[in-house]
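Engineer: Attaching a single structure in structure tokens format; questions to follow.
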Amino acid sequence: MHYDAIVIGGSYAGMAAALQVVRARRSVLVIDAGERRNRFASHSHGFLGQDGVPPDEIAASSRRQLEAYPTLSWLEGRVEAVSGQVDSFTVTTADGESHRGRRVLLATGVLDQLPPVTGLAERWGKAVFHCPYCHGYEIGRGRIGIIGTGPMSIHQAELLTDWGDVSLLVNGAVELNRDARSTLERRGVTIEETPVDRIEGHADVVMADGRLLRFAGLFTAPRTAPNSLAEAMGCALEATPMGVQVRTDAESKTSVPGIFACGDVARAPHSVSLAVGNGAMAGAHVHRSLLWPETVQPVRDAVGTR
């Protein structure tokens with residue numbers, strides 16, 4: 001079958017995009033590897049209508065609604081390669097199957113590059129978070145520790161003071177000039193220069209000097225990056241304060257004609273609600289490109305990496 005659109009990634013942005021296209025009675029294939037970025041979290045917050053609902057329930061309900069449309073096909077698998085051009089793309093999965101489509105939409109999300117602190121990865125999404133709007137309220141105004149990763153940690157520390165008593169654990173990763181230090185101190189942020197040794201318990205940080213700092217929750221600002229598929233497809237990438245993402249224009253088009261991108265892989269900041277909104281808009285742009293193929297032009301002047 002030759003689909004009108006093939007969506008790579010069946011999480012929130014991908015499903016929101018697919019919904020717009022199938023509601024236009026166009027054929028869509030969603031290929032999903034089952035690796036939602038928030039799969040480690042027990043509950044999703046800050047998403048109107050779904051606040052406090054477990055992420056797997058949101059995803060399952062969304063998929064059921066999407067599959068009610070007869071022009072939707074769903075394939076569980078991992079995409080290995082995309083080739084071809086506008087109106088004639090071939091998407092190949094890890095099991096060697098090939099699928100043809102007129103448009104391709106990347107909704108693969110990003111990979112979180114967590115700081116190499118012992119005990120942190122095991123608590124990611126449970127006691128260690130990145131988004132205060134998603135998880136800050138649940139801290140209950142308790143003590144918040146921020147594991148430093150770079151300049152974004154300073155912004156994170158300032159922002160989180162509305163959610164609790166904040167300590168910035170520099171951990172050798174954050175350079176604090178006089179102005180930054182002064183700003184943090186005015187906001188009541190405690191600055192800990194001693195390196196972090198490990199995290200244990202719920203969110204207890206053992207410092208290199210043996211001190212134990214107990215927190216209600218921890219935050220960190222991981223660097224993010226798309227998987228290798230986007231670059232292999234020839235899509236231009238760009239650097240952001242949060243990491244690397246696929247460069248898109250206002251119509252969700254990448255630098256490759258006929259290939260679109262949405263969600264965390266193409267925009268920052270990141271949250272479920274923002275991904276859904278961006279995905280819905282991207283789906284509409286994909287549909288419009290099918291009606292007016294002369295509008296399928298690549299985004300120009302990409303900056304950053306390629």
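Engineer: Could you identify the single residue in 86, 82 that is in the same structural domain as residue 284 (by TED's automatic domain parsing), touching a Phe, Trp or Tyr at 6+ places or on another chain (Cβ under 7 Å) and modelled with pLDDT of 95 or more?
Structural biologist: 82 is the lone residue from the list that is in the same structural domain as residue 284 (by TED's automatic domain parsing), touching a Phe, Trp or Tyr at 6+ places or on another chain (Cβ under 7 Å) and modelled with pLDDT of 95 or more.
Engineer: Here's a follow-up. If I ask for residues that are of a type in the set (A, V, I, L, M), farther than 19 Å from residue 141 by Cα and outside any loop (DSSP other than H, G, I, E, B), which ones from the stretch 160-203 would you list?
Structural biologist: 180, 196, 199
Engineer: Among the residues of the stretch 254-283, what is the count of those that are without any contact (Cβ under 8 Å) to a residue 60 or more places away in the chain and more than 20 Å from residue 23 (Cβ to Cβ)?
Structural biologist: Adding up the residues that qualify gives 5.
Engineer: Quick check on the stretch 34-56. Is at least one of its residues assigned to a strand (DSSP E or B), polar (S, T, N, Q) and within 29 Å of residue 149 (Cβ to Cβ)?
Structural biologist: Yes, that holds for at least one residue.
Engineer: Do the conditions hold for residue 42, that is, is it hydroxyl-bearing (Ser, Thr, Tyr) and at pLDDT 95 or above?
Structural biologist: It is false that residue 42 is hydroxyl-bearing (Ser, Thr, Tyr) and at pLDDT 95 or above.
Engineer: Among the candidates 109, 46, 119, single out the residue that is touching a Cys at 6+ places or on another chain (Cβ under 9 Å) and under 30 Å from residue 156 (Cα atoms).
Structural biologist: None of the other options fit; the residue is 46.
Engineer: Working carefully through the options 128, 110, 104, find the one that is in contact with a Phe, Trp or Tyr (Cβ under 9 Å, 6 or more places away or on another chain) and over 18 Å from residue 173 (Cβ atoms).
Structural biologist: 104 is the lone residue from the list that is in contact with a Phe, Trp or Tyr (Cβ under 9 Å, 6 or more places away or on another chain) and over 18 Å from residue 173 (Cβ atoms).
Engineer: Something else: Quick one: in the stretch 1-30, of everything that is among the aliphatic types (A, V, I, L, M) and in contact with a Lys or Arg (Cβ under 8 Å, 6 or more places away or on another chain), which residue is modelled with the lowest pLDDT?
Structural biologist: Looking at the filtered set, the residue picked out is 1.
Engineer: May I ask you to verify whether residue 149 is part of a loop (DSSP other than H, G, I, E, B), β-branched (Val, Ile, Thr) and either farther than 28 Å from residue 15 by Cα or not assigned by TED's automatic domain parsing to the domain that holds residue 271 (or both)?
Structural biologist: Here the answer is yes, as residue 149 does meet what is asked.
Engineer: Something else about it: Output the residue which, of all residues in the stretch 230-247 that are among the charged types (D, E, K, R) and modelled with pLDDT of 95 or more, is nearest to residue 155 (Cα to Cα).
Structural biologist: Selected residue: 238.
Engineer: To continue, here is another question. Checking the condition touching a residue at least 12 places away in the same chain (Cβ under 8 Å), polar (S, T, N, Q), closer than 22 Å to residue 234 by Cβ and not assigned by TED's automatic domain parsing to the domain that holds residue 131, which residue from 71, 93 passes?
Structural biologist: 93 is the lone residue from the list that is touching a residue at least 12 places away in the same chain (Cβ under 8 Å), polar (S, T, N, Q), closer than 22 Å to residue 234 by Cβ and not assigned by TED's automatic domain parsing to the domain that holds residue 131.
Engineer: Please determine, by comparing only the residues of the stretch 72-89 that are exposed (fewer than 15 other Cβ atoms within 10 Å of the Cβ) and hydroxyl-bearing (Ser, Thr, Tyr), which one is nearest to residue 292 (Cα to Cα).
Structural biologist: Filtering first and then ranking leaves 88.
Engineer: Which residues, counting only those in the stretch 1-41, are of a type in the set (S, T, N, Q) and closer than 14 Å to residue 106 by Cβ?
Structural biologist: Across the stretch 1-41, the qualifying residue is only 11.
Engineer: State all residues of the stretch 218-251 that are surrounded by fewer than 24 Cβ atoms within 10 Å (Cβ to Cβ), of a type outside the set (S, T, N, Q) and part of a strand (DSSP E or B); if no residue qualifies, say none.
Structural biologist: 223, 225, 237, 238, 239, 243, 244
The values are calculated or read from the model by the stated rules, or taken from the named source; none is laboratory data. Everything quoted here is computed from the prediction, not taken from an experiment. Neighbour counts run over all protein chains shown; Cβ positions are idealised from the backbone, glycine included.
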